[in-house]
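Working notes, beginning with the structure itself.
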Amino acid sequence: MSHEAPDLIGQALLDYQHGHHAAALTVQCSAADEEALPAAYFFRILLAMPELERQALDECRGRVLDLGAGAGCHSLELQSRGFTDVKAIDHSAGAVQVMQARGVRQVARHDIFAPRAPQEAPYDTILMLMNGLGLAGTLEGLDRFLAHARTLLAPDGQILATSSDISYLYEDEDGALVFNLNGPYYGEVEYTFQYKGQSGQPFPWLFIDASLLEDAARQAGYEVDFLGEDEGGQYLVRLTLVGGFEAGIE
C-alpha cells in the first residue's frame, strides 16, 4: 500500500501559523551546502520582501494566478491593494490550510500543470516568485509549462517570474567554470526537505540562466523583458504572450 509523501513544508507553515515561530526546515541541495529555511520567511510582509518581489507585485494587473504561493504573502499583499481576483495555488495541503486561515480568498491545491477549468476565466498575470520558475523542475518541464501557461493566460497575458543563474557554484579557484558537459544542465538541481526528524521525497528544481530562458520563452511564443537583477544573480522577467490566447495548446 502506497503512502503519500509527508508534507513537511506544510507542517512547518502550520506550526508557524499556530505560534511556533522558530519552526524551520532543513534544506539539502545537490548543488549547495545544507541550510535552514525558517518558516517565517514565507510569512514576510511587503517591507521584508526583496526588491525584485516588490517590483513584481507593482507589475501585476487584472486577474492574478499566484503559483507556488506558500503561505500566501504575495496574494495577501495584492488583496490589500484592491485586487479582487487573485487565486493562490500550492501543492502543499498544509500551505493551503494556512492561506485559507490567513484570509486568501481563492485557494486551490494542485501543481502548476493542472488544467484551467472550463468555467474559469483566463488570467492576466501569472506570478511565480521565490525562484518560482524552479517549479518547472527541469528544462523539459519548463518547455512543458510555457506551453501549458498559454492555456491559462488571457490575450496579452503575462508571466512575472524570478530565477537565478547558479553557474557561480561551479567556479574553480581561478574563477573558471567547471561543468560536466555530459551531465544534465547545471541549473537542474535536486532538493530534499527535513523537518522534525522526517525526510521528504527529493524533488527537482530549476535555476535557469537568463540567456537560456530567453531562448526557450521566445520559441514558446513569448516576448521577453528582463525587469531587474539583484546582487545575488537573481532576476525578474516578464514573459508576454505573442499572438494572443490559444486555448488548444497543451
Scalar couplings 3J(HN,Hα) for the range 135-145 by Karplus 6.51 cos²θ - 1.76 cosθ + 1.60 (θ = phi - 60°), nearest whole Hz, x for Gly and Pro, are 4, 5, x, 9, 4, 4, x, 5, 4, 5, 5
A student asked for the Cα radius of gyration and Dmax of the range 15-83 in angstrom ought to give 14.2, 41
Taking N as the number of residues in the chain, the ratio of its alpha carbon radius of gyration to 2.2 N^0.38 Å works out to 1.00
For the chain, whose charge dipole is built from +1 on Lys and Arg Cβ atoms and -1 on Asp and Glu Cβ atoms, the candidate among 12, 200, 145 with its Cα farthest towards the positive end is 12
Note: the range 1-117 at 10 °C, 1.306 mPa s; Kirkwood Rh on alpha carbon pairs; Stokes-Einstein D in µm²/s works out to 104
Packing-ranked peptide list from 55-66, 182-193, 115-126, highest mean Cβ count within 10 angstrom first, is 55-66, 182-193, 115-126
Cα convex hull volume per residue for the range 6-51, in Å³, equals 94
The answer for the chain, accessible area per residue at 1.4 Å probe in Å², is 49
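The values are calculated or read from the model by the stated rules, or taken from the named source; none is laboratory data. Fair warning: this is a prediction, and the values are worked out from it, not measured in the lab. We place every Cβ from the backbone using ideal geometry, glycine too, and count neighbours over all the protein chains shown. In case anyone asks, the SASA skips ligands and DNA or RNA and just uses the protein heavy atoms, side chains included. Shrake-Rupley method; radii C 1.70, N 1.55, O 1.52, S 1.80 Å.
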